[in-house]
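Read through the structure below, which is laid out as structure tokens, and then see the notes.
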Amino acid sequence: MSMPSSAVRASIQQWQLQPLLNYLSVCVQGTVQHKRDVAVQCLEAILPRHEVRQAVWAIPGIVSGFETLLPSVT
């Protein structure tokens, strides 16, 4: 059974992805709770994609932002 063409995922180009991830990094590290929450939700939605996961590891601000947020979640 083949997937309909509308269900096929196109790869995200770095020039498209990088500005978004940079902005999400700023939000995750910020002090405004709503921005942090939305940034985490956005990342949750796009992290299943391989190219996104690779790009996120190259942005230390996202990882350090999560490290800061995790203790407050429990």
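Below is a table of values for the structure above.
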| item | result |
| --- | --- |
| Accessible surface, the chain, averaged per residue in Å² (probe 1.4 Å) | 74 Å² |
| Helical mean residue ellipticity (222 nm; -39500 (n - 2.57) per DSSP H run of 4+; nearest 500) of the chain | -22500 deg cm²/dmol |
| Carbon + sulfur, % of accessible area of the chain - ligands and nucleic acids excluded, 1.4 Å | 63 percent |
| Relative contact order %, the stretch 9-65, counting alpha carbon pairs below 8 Å whose residues are six or more apart | 41 percent |
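The values are calculated or read from the model by the stated rules, or taken from the named source; none is laboratory data. Quick caveat, the model's predicted, so the values are computed rather than measured. Protein only, heavy atoms only, side chains kept; ligands, DNA and RNA dropped before computing areas. Shrake-Rupley method; radii C 1.70, N 1.55, O 1.52, S 1.80 Å.
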